[in-house]
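Chemist: Encoded as structure tokens, here's the structure I'll be asking about.
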Amino acid sequence: MKDKIAIVTGANRGIGRETALCLAKAGMTVVMACRNFESARVACEEITSLTNNPDVAVMKLDLSSRDSIRNFVEDFKNRYGKLNILINNAGVCTMDRKRTVDNFEPNIGTNYVGTFLLTMQLLPFFEKGTDDRIINLISNIYKIGWFRFNRMNGYRWFRAYAVSKYMVLLFTLELAERLRDRGISVNAVHPGIVRTSIMYTHRWFDLIIKIILTPFFIDAAEGARQIIHLANSEEARQISGACFHKTRRKKIPRPYNSPKLRAALWEYSSSLLKNQPIKGTVS
């Protein structure tokens with residue numbers, strides 16, 4: 001494990017922090033890729049102290065900005081040059097109607113477009129033939145995430161969040177197929193309803209959300225269990241193109257796993273980013 005390098009996005013709190021902590025305990029080099037640098041720095045110091053692992057670092061990353069992603073990838077290349085595990089954990093669930101700096105609806109632009117671009121630009125750092133893994137966090141809410149390409153920026157808040165997670169699931173399945181001969185496993189996991197701040201809006205109806213969801217809440221450590229299993233277990237090495245709910249592999253209903261839609265999303269995503277070269281694109 002000491003030779004492995006892992007990136008965990010959104011690792012300054014919640015599931016991401018717990019995941020980074022567990023990987024650091026296993027002796028891996030862990031890069032905490034976070035938008036809130038100061039919060040991540042504090043979390044990094046805590047993780048280093050708890051694990052006695054000096055190879056934990058923070059790097060600035062804002063998934064809503066292609067420039068930030070490009071800078072992160074270049075910085076990572078200069079500092080590390082190789083990658084074994086990518087955990088795409090970071091995400092938002094926001095009511096904000098403002099577009100991202102790249103003119104996307106914020107939930108879709110951050111959760112899906114940012115994840116797509118980051119992953120594609122990091123692919124060259126995975127060494128062919130080794131035991132490498134990509135783990136994408138989704139949500140069971142993807143089942144209400146049907147979308148139309150010509151309305152990509154027209155969805156809002158809860159629906160936009162669902163659309164973004166469905167897109168991440170489709171991307172996971174398509175990427176798994178395209179990387180099947182590269183020795184890189186690609187899987188999606190719904191960790192459960194975790195007690196984190198992403199659930200709340202800072203509006204009056206947060207109380208209603210809390211009342212409805214409280215019986216289903218789990219803590220961040222439990223939410224990270226399946227992620228850790230997929231990241232470092234021998235059993236998970238042979239699994240790719242699968243979806244997990246907590247600790248169980250779940251069959252994706254056929255209507256949600258259309259090869260045609262997956263391919264269309266792949267082409268659409270590439271066309272959205274054509275003004276930003278996507279290094280490492282596989283055919």
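Chemist: Working carefully through the options Met120, Met95, Met28, find the one that is buried (at least 22 other Cβ atoms within 10 Å of the Cβ) and farther than 23 Å from Arg225 by Cβ. Talk me through it step by step, then tell me what you get.
Modeler: Numbers: Met95 fails: buried (at least 22 other Cβ atoms within 10 Å of the Cβ); Met28 fails: farther than 23 Å from Arg225 by Cβ.
Of the residues listed, the single one that is buried (at least 22 other Cβ atoms within 10 Å of the Cβ) and farther than 23 Å from Arg225 by Cβ is Met120.
Chemist: Which one is farthest from Leu265 (Cα to Cα), of the residues in the stretch 150-165 that are in a helix (DSSP H, G or I) and in contact with a Ser or Thr (Cβ under 9 Å, 6 or more places away or on another chain)?
Modeler: Looking at residues that are in a helix (DSSP H, G or I) and in contact with a Ser or Thr (Cβ under 9 Å, 6 or more places away or on another chain), I get Trp157.
Chemist: In the stretch 98-117, what residues are crowded, with 18+ Cβ neighbours inside 10 Å, in a loop (DSSP other than H, G, I, E, B) and among the polar types (S, T, N, Q)?
Modeler: Thr100 - this is the single residue of the stretch 98-117 that is crowded, with 18+ Cβ neighbours inside 10 Å, in a loop (DSSP other than H, G, I, E, B) and among the polar types (S, T, N, Q).
Chemist: While we're on this one: Checking Thr19 against (1) within 20 Å of Leu117 (Cα to Cα); (2) crowded, with 23+ Cβ neighbours inside 10 Å; (3) in contact (Cβ under 8 Å) with a residue 40 or more places away in the chain; (4) in contact with a helix residue (DSSP H, G or I) (Cβ under 7 Å, 6 or more places away or on another chain), which single condition isn't satisfied?
Modeler: If we test Thr19 against (1) within 20 Å of Leu117 (Cα to Cα); (2) crowded, with 23+ Cβ neighbours inside 10 Å; (3) in contact (Cβ under 8 Å) with a residue 40 or more places away in the chain; (4) in contact with a helix residue (DSSP H, G or I) (Cβ under 7 Å, 6 or more places away or on another chain), just (1) comes out false.
Chemist: Being touching a residue at least 12 places away in the same chain (Cβ under 8 Å) and either among the acidic types (Asp, Glu) or crowded, with 19+ Cβ neighbours inside 10 Å (or both) is the requirement here; does Thr130 meet it?
Modeler: So Thr130 fails the test.
Chemist: Give the stretch 1-13 a look and list any residue that's surrounded by 21 or more Cβ atoms within 10 Å (Cβ to Cβ) and over 16 Å from Met59 (Cβ atoms), or say none.
Modeler: Result: Lys4, single match.
Chemist: Identify, from the list Val186, Val194, the residue that is over 22 Å from Ser65 (Cβ atoms) and either at pLDDT below 90 or of a type in the set (S, T, N, Q) (or both). Steps first, please.
Modeler: Numbers: Val186 fails: either at pLDDT below 90 or of a type in the set (S, T, N, Q) (or both).
Going through Val186, Val194 in turn, just one is over 22 Å from Ser65 (Cβ atoms) and either at pLDDT below 90 or of a type in the set (S, T, N, Q) (or both): Val194.
Chemist: Continuing with this model, one more query. Find the residue count for the stretch 222-239, including only residues that are of a type in the set (Gly, Ala, Ser), surrounded by 16 or more Cβ atoms within 10 Å (Cβ to Cβ) and over 16 Å from the mean Cα position of the chain (by Cα).
Modeler: The initial filter retains those residues of the stretch 222-239 that are of a type in the set (Gly, Ala, Ser), namely 223-224, 231, 233, 236.
From what is left, the residues that are surrounded by 16 or more Cβ atoms within 10 Å (Cβ to Cβ) are 223-224, 231, 236.
Checking the rest, the ones that are also over 16 Å from the mean Cα position of the chain (by Cα) come to 236.
Number of matching residues: 1.
Chemist: Are there any pairs, at least 6 apart or on different chains, whose C-beta atoms fall under 7 Å, with the first in the stretch 22-47 and at pLDDT 95 or above and the second hydroxyl-bearing (Ser, Thr, Tyr), and if so, which?
Modeler: Within 7 Å, the pairs are Ala24/Thr51; Lys25/Thr51; Ala33/Thr9.
Chemist: Could you grab the pairs with beta carbons closer than 7 Å, sequence gap of 6+ or different chains, first residue in the stretch 56-69 and surrounded by 17 or more Cβ atoms within 10 Å (Cβ to Cβ), second one among the polar types (S, T, N, Q) and in a strand (DSSP E or B)?
Modeler: Listed by first residue and then by second, the contacts come to Leu61/Thr9; Leu63/Thr9.
Chemist: Next question, about the same structure. Suppose we filter the stretch 76-86 for residues that are without any contact (Cβ under 8 Å) to a residue 24 or more places away in the chain and more than 18 Å from Cys44 (Cα to Cα); how many remain?
Modeler: If we filter the stretch 76-86 for residues that are without any contact (Cβ under 8 Å) to a residue 24 or more places away in the chain, which is where we start, we get 78-79.
Adding the requirement that they be more than 18 Å from Cys44 (Cα to Cα) leaves 78.
Result for the stretch 76-86: 1.
Chemist: Restrict the check to the stretch 200-221 and report whether at least one residue is of a type in the set (Lys, Arg) and at pLDDT below 65.
Modeler: Checking the stretch 200-221: at least one residue is of a type in the set (Lys, Arg) and at pLDDT below 65.
The values are calculated or read from the model by the stated rules, or taken from the named source; none is laboratory data. Small disclaimer: the values here were computed from a predicted structure and weren't measured. Positions of Cβ are backbone-derived with ideal geometry, glycine not excepted, and every protein chain shown enters the neighbour counts.
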